[in-house]
1. From other protein chains only, count the Cβ atoms within 10 Å of every residue's Cβ in A:49-56, then give the mean.
2. In Å, what Rg and Dmax follow from the Cα atoms of chain A?
3. Summing -39500 (n - 2.57) over the DSSP H runs of n ≥ 4 in chain B and dividing by its residue number, what mean residue ellipticity at 222 nm do you reach, to the nearest 500 deg cm²/dmol?
4. Over all pairs of distinct alpha carbons, what does the Kirkwood formula give as the hydrodynamic radius of segment B:1-146, in Å?
5. With respect to the axis carrying A onto B, what is the closest chain A residue by Cβ position, and how many angstrom separate it from the axis?
6. What is the set of long-range amide H partners of A:VAL114 at a cut-off below 5 Å, with H atoms built 1.01 Å from backbone N?
7. Which value, in Å to one decimal place, does the Kirkwood hydrodynamic radius take for segment B:12-76 when every pair of different Cα atoms is included?
8. Non-local amide H neighbours of A:GLY40 (under 5 Å, H modeled in plane, Pro and chain starts lacking H): which ones?
There are 2 protein chains.
Amino acid sequence: MAGNLSTPGASVASRVFALLGAFDAEHRTLSLTALAERAGLPLATAHRLAGELVGLGGLERRGDRYVVGRRVWDLGLLAPVQAELRQVAAPFLHDLYAATHATVHLAERAGTEVLYLDRLSGRTTVPVVSRVGGRLPLHTTGVGKVLLAHAPDDVLRTVLADLSRVTPYTITQPGRLREQLRRVHREGFAQTVEEMSPGACSVAVPVRRGADGEVVAALGLVVPDLRRGRARLVAALQVAAAGIGRSLSTE
Amino acid sequence: MAGNLSTPGASVASRVFALLGAFDAEHRTLSLTALAERAGLPLATAHRLAGELVGLGGLERRGDRYVVGRRVWDLGLLAPVQAELRQVAAPFLHDLYAATHATVHLAERAGTEVLYLDRLSGRTTVPVVSRVGGRLPLHTTGVGKVLLAHAPDDVLRTVLADLSRVTPYTITQPGRLREQLRRVHREGFAQTVEEMSPGACSVAVPVRRGADGEVVAALGLVVPDLRRGRARLVAALQVAAAGIGRSLSTE
DNA sequence: GGCAAAGTTTCCGCTGAGTGGGAGGATCGG
DNA sequence: CCGATCCTCCCACTCAGCGGAAACTTTGCC
């Protein structure tokens with residue numbers, strides 16, 4: 001994990017975040033050894049610091065494994081991560097869910113990835129890999145394609161230069177993706193067919209801030225099949241996106 | 001704010017959390033001076049540490065105010081705060097919302113307070129003060145009364161000893177509250193009428209883990225008026241709570 | 001404009017908090 | 001029983017962090 005933080009010169013604060021940053025969606029619990037390893041800290045240091053963090057609520061111990069502490073959850077909920085957007089969007093997401101019973105996503109672009117801001121998923125839905133706070137590639141998801149179509153040129157170039165394959169259907173040819181992004185502009189929505197996850201298709205539309213039309217986010221649906229009813233889904237998305245955009249204040 | 005952390009002996013990690021802990025729902029942005037004050041740190045120290053945290057993503061600067069950083073949001077979402085419960089409950093919360101269009105709450109008891117784990121609120125709803133990750137008194141909310149009715153004796157005693165008044169209708173007499181808690185047991189649900197927030201009423205039921213019947217959480221609805229349709233709301237809540245309880249694994 | 005007050009940033013020398021190698025335990029499996 | 005693996009603790013050295021104080025910026029008032 002990143003440069004060796006055990007070298008003198010690294011602040012304690014950075015070590016705190018190194019420890020916390022050792023956790024991710026695939027590693028929600030870690031043994032001390034794994035924690036030290038992933039944080040790039042000597043065992044003794046990790047042990048002492050981890051103990052301290054447990055006392056502060058930044059970590060929790062469950063048996064001999066560590067997990068991120070409740071205190072961090074508390075604090076994180078205070079972070080203004082698109083707070084207004086999420087607030088405004090919430091009822092529209094419910095409406096979409098009620099109308100479609102598909103998994104509903106609200107996402108923004110974070111660099112060259114999609115960042116999922118909110119998600120509603122029902123009982124009977126295709127398994128979806130997204131997660132609020134999670135990031136996925138821009139070229140493999142519906143919301144990602146929408147955001148990519150409206151991203152600055154340098155982002156597009158970076159993404160096109162490295163189209164990783166996720167499923168057999170993932171689009172890895174820059175030319176094909178470029179063509180699809182043009183269609184996103186022309187038709188106003190993006191779609192994917194099993195490009196991120198087998199058995200999952202998606203459609204997505206941009207959310208434009210009412211005042212200036214800037215694309216601030218994307219709204220998407222994940223369904224098992226798009227061959228029937230796509231038009232209805234897109235229409236529902238567009239209604240919701242327009243409603244959200246209208247309700248957003250000018251920054 | 002707590003003991004003076006500027007005295008030597010306090011670890012850097014504790015100062016980091018002191019700074020982050022200076023933020024709360026009412027203070028989501030702070031000037032440097034306010035931050036230092038609320039964290040109990042000397043100005044120079046707060047300034048340096050805050051700068052460091054900005055570099056690490058733990059804080060963000062907006063103009064000359066600080067807010068909690070995205071990194072903390074990211075990390076917090078990895079904290080296993082009733083992860084299974086929230087996951088299992090999500091679709092039931094949607095159902096409840098679809099059926100009632102009321103604000104839906106999922107909450108657990110954290111010491112002598114209610115901790116809101118999830119919340120769905122629609123467009124047209126009474127203004128509600130709850131917030132995911134937020135805490136409220138046990139005796140002024142529907143979910144709180146449910147949780148209090150099933151809390152250990154020492155918690156009950158502590159709460160009864162200090163029934164703070166929030167609105168003119170808040171129950172502040174231990175006797176009356178005791179009587180209501182008995183009714184919660186007898187009738188299987190709790191209610192409030194403008195006891196937390198003027199114009200807001202609520203009903204709530206316990207969520208019992210299927211395996212052992214232990215009350216692990218409470219499920220509640222907030223509506224403008226309970227005089228009509230209360231029975232329907234309670235019935236809907238009970239169906240949902242039973243469904244959630246059945247889906248919970250034995251810990 | 002001039003001045004005071006409040007808030008923010010920088011400087012710098014002293015010092016004890018933090019560090020981490022290593023020893024010592026605990027636990028497991030063969 | 002022994003070795004492997006992981007966790008905990010110790011302690012002497014040292015440099016990262018500390019914070020008082022001074023400089024600087026912004027704001028608001030006369």
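Values quoted throughout were computed directly from the atomic coordinates according to the rules given, and no laboratory measurement underlies them. These numbers come from a predicted model, not from an experiment. Ideal geometry is used to build each Cβ from the backbone, glycine not excepted, and the neighbour counts take in all protein chains shown.
1. So the per-residue partner count for this stretch is 3.
2. Calculated on Cα positions, Rg and Dmax stand at 20.4, 61 Å.
3. Rounded to the nearest 500, it is -12500 deg cm²/dmol.
4. With all distinct Cα pairs of segment B:1-146 included, I get 17.4 Å.
5. Rotation axis A onto B, closest Cβ, rounded to whole Å: A:GLY76, 1.
6. Hits under the 5 Å cutoff: A:LEU136, A:LEU138.
7. It works out to 11.3 Å.
8. It is none; the list stays empty.
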